[in-house]
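Here is the structure we will look at.
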Amino acid sequence: MKKTTLLFITLIACSTAIYGQTKKDIILQQTKTIDSLNLESSKLINLNIEISNELAEKNKEIDNLEESIRSKEMINSTNTEEISKLKDVIVSKDEETATLKNAIVLKDDEIASLKNATISENTIIVEVEDPKEIYFEGTVILESMYDGVFYIDVEVNKGKLAGKTESLYFRSGMEDTNYIDYTGNANFDGGGEGEGKKVSGVIIRSIGNFENYETGEDDSKEIYRVKDLNYK
């Protein structure tokens, strides 16, 4: 029996280590992908600026050519051959500017696609975080400890539970098998001195076993347990 238990514990430890390593590798790979996407997006933006500058130069050349044509028409209206050549150059420049404008549109589309890809990668990173962990900020309105049940009521004003008042448990009874050691600089002793203080931290969804005084049995329910708690 002891060998079986030891083997079971070893398997759990190995699975946890592999999961943690896999999660770390996923986040590292996604971070590299995001950096690569951001670098490519930056290069495209710089290229777009260069194309825009070139387009501005082409437009300036066209303006100068048109001004030259107007001057020659005023000076010598019979010099039609030279004027015709200048007009042909303008047509060519117009075609060049049209090509540059199309290039800018294409680069804008590429930049938008890269930005969307970066957003998607960021979303994936959020999804691999522990779904049970919840960040919060709020004000302590009650601090209670009775017969091993130790908790605080917090009026949450920031985080996914914002607008709610939730009970955050340190212990759910004398025999609390799901008890966890929390971190942070906020200390409570059940005396009520922490009431009215602003706190922030991380809580997790867990199971609490509460003694039913009528039946003598334990009632189980889902609760929030404090994982990290700090004064603001």
Quiz item: How about the range 219-232: which of its residues are part of a strand (DSSP E or B) and touching a residue at least 12 places away in the same chain (Cβ under 8 Å)?
Solution: Ser220, Lys221, Glu222, Ile223, Tyr224, Arg225, Val226, Lys227, Asp228, Leu229, Asn230, Tyr231
Practice problem: Using the structure shown, decide if Asp176 is touching a Ser or Thr at 6+ places or on another chain (Cβ under 9 Å) and either over 21 Å from Lys232 (Cβ atoms) or part of a strand (DSSP E or B) (or both). | Solution: no
Quiz item: Of the numbered conditions (1) modelled with pLDDT of 80 or more; (2) open to solvent by less than 70 Å² (accessible area, probe 1.4 Å), Ala117 satisfies every one except a single condition; which is it?
Solution: (1)
Quiz prompt | Selection from the range 180-217 of residues that are open to solvent by 80 Å² or more (accessible area, probe 1.4 Å) and free of Cβ contacts under 8 Å to residues at least 24 places away in the same chain | solution = Asp181, Asn187, Tyr213, Glu214, Thr215, Glu217
Practice problem: Sort out which residues of the range 178-232 are modelled with pLDDT of 95 or more, aliphatic (A, V, I, L, M) and under 14 Å from Val140 (Cβ atoms), and write them in order of number. | Solution: Val199, Ile203, Val226, Leu229
Quiz item: Condition test on Ile90, is it surrounded by 12 or more Cβ atoms within 10 Å (Cβ to Cβ) and modelled with pLDDT of 70 or more?
Solution: yes
Quiz item: Among the listed residues Tyr151, Tyr146, Tyr169, which satisfies the condition of being modelled with pLDDT of 75 or more, surrounded by fewer than 17 Cβ atoms within 10 Å (Cβ to Cβ) and of a type in the set (Phe, Trp, Tyr)?
Solution: Tyr146
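The values are calculated or read from the model by the stated rules, or taken from the named source; none is laboratory data. Just so it is clear, the structure is predicted and the values come from calculations on it, not from any experiment. Heads up, the Cβs are rebuilt from the backbone with ideal geometry, glycines too, and the neighbour counts pull from every protein chain shown. We work out accessible area using only protein heavy atoms, side chains counted, and drop any ligands, DNA or RNA first. Shrake-Rupley method; radii C 1.70, N 1.55, O 1.52, S 1.80 Å.
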